[in-house]
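Down below is the structure, laid out as structure tokens.
Values in this text are rule-based calculations from the coordinates and carry no lab data. Please read all numbers here as calculations on a predicted model, not as lab measurements. Cβ sites come from the backbone with ideal geometry, for glycine too, and all protein chains shown count toward neighbours.
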Amino acid sequence: MPHACTSGIDIGFSTLGYFKVAILGVVQGITELMPISSTAHMRLVPAVLGWPDPGSAFSAAMQLAALAAVVSYFWSDVRDVTVNAIVAAARGNFRDRYFQFALWIAIATVPIGLAGLALAKTLNACNSPLRAVSVIGWSCMVMAALLALAEIAARHRRTVEKATLLDAILVGIAQVGALVPGVSRSGSTLTAALMLGFKREEAARLSFLLGLPAIALAGMKELWELHKVHLDWHAWSVLLVGIGVASVSAFFAIWGLMRILENFTSWPFVGYRFLLGVVILLGIWMGWVG
């Protein structure tokens, strides 16, 4: 089905209506914060159901749902870092642990911020080549292999409290991979943190905390872009329904992810990602998706 475009921005979600967007909101919320690629699911699910692609603008705006979920789930961490960093800065105590961690979060955001600005037009364009289903399928399989390698090689000993500036920089660089559909921001950063020796649940915690500014900036930037193309009230209301539903499902997704990583391994995600990639590529070959 054709995409809905306004000033070169893909706004396919505006044609879906409230019910379909609510369903996609559940899918987006669950897969956004799991290391299984929300983009893959947001391309595959509509294709299977015969719905239009909701577009990259929808996925980017859904970052606000992820932001709400991460902040609410990790509220004590967010509060402690924010409040203590501000107090330390006011006192001129720049060696304070919280101030340094807040600074590291800012530094870790620079790589994806620069890359996002450089690729913005390509990522948001109608029929963007980066949103090709084949790209998503191969990305899923490559990341499955990298996550498997991380699970095998990782020591699973370190905690967020022992993180360093170098850790933040390396995880921040890994976060750039999220711009490639099918990679998954949580997947790339979780893989990097595991490679650095963090415990599984601590790797996820570090991934989410370092990713907060990137998630917030991506969502707010997309809202601004949508504002500039003068969406009508119906499109805005459809988007708000998606964000609301996705916020709730994303919170439970984080809860589920943390329970899995605390008690098991990341191998279920490795297997799922690999099979998803196979299904997508097989679907292309069979003509089911395209």
**Message:** At 7 Å along Cα-to-Cβ for each site, give me the label-to-label distance between residue 83 and residue 234 in nm.
**Reply:** 4.7
**Request:** Rounded to the nearest 0.05, what FRET efficiency do residue 132 and residue 161 give with R0 = 45 Å and r taken as the Cβ-Cβ distance? Could you check?
**Result:** 0.60
**Item:** Per-selection Rg to Rh, region 140-290 - Cα, Kirkwood hydrodynamic radius
**Value:** 1.02
**Message:** Between residue 248 and residue 149, what is the label-point separation in nm under the 7 Å Cα-to-beta-carbon projection?
**Reply:** 4.1
**Prompt:** Measuring from label point to label point, each 7 Å out along Cα→Cβ, what is the residue 18 to residue 118 span in nm?
**Reply:** 4.4
**Message:** At a 10 angstrom cut-off on C-beta neighbours, averaged per residue, how do the peptides 265-277, 184-196 rank from highest to lowest?
**Reply:** 184-196, 265-277
**Environment charge of residue 26, counting only residues whose C-beta is closer than 14 Å and scoring Lys/Arg +1, Asp/Glu -1** = 0
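So which trypsin sites (Lys or Arg not before Pro) in region 35-100 end up in coil per DSSP with only 11 or fewer other C-beta atoms within 10 Å?
Values: sites: 43, 79, 91, 95, 97; in loops: 95.
Passing sites in region 35-100 are 95.
Using the Kyte-Doolittle scale, find the helices of the chain whose mean hydropathy is at least 1.0 and whose Cα atoms extend 27 Å or more along the helix's long axis, counting only whole DSSP H runs.
On the way: long enough: 97-124 (39 Å, 1.13); 133-153 (30 Å, 2.00); 200-228 (41 Å, 0.23); 233-263 (45 Å, 1.26); 267-286 (28 Å, 1.69).
Helices meeting the span and hydropathy rule in the chain are 97-124, 133-153, 233-263, 267-286.
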**Request:** Please give the calculated 222 nm ellipticity per residue for the chain, where each DSSP H segment of at least 4 residues contributes -39500 (n - 2.57) and the sum is spread over every residue; nearest 500 deg cm²/dmol?
**Result:** -25000 deg cm²/dmol
**Request:** Would you mind checking the radius of gyration and Dmax of region 13-64 based on alpha-carbon positions, in Å?
**Result:** 9.9, 29
**Complete:** Largest fluctuation, 22, 174, 120 only, Gaussian network model of the chain with Cα springs under 10 angstrom, belongs to 120
**Complete:** Computed from every Cα-Cα pair in the chain, P(r) in 10 Å bins starting at 0 and rounded to whole percents is 7, 29, 36, 21, 7, 1, 0
**Request:** Using +1 at the Cβ of each Lys and Arg and -1 at the Cβ of each Asp and Glu in the chain, identify which of 196, 285, 122 lies farthest towards the dipole's positive end.
**Result:** 196
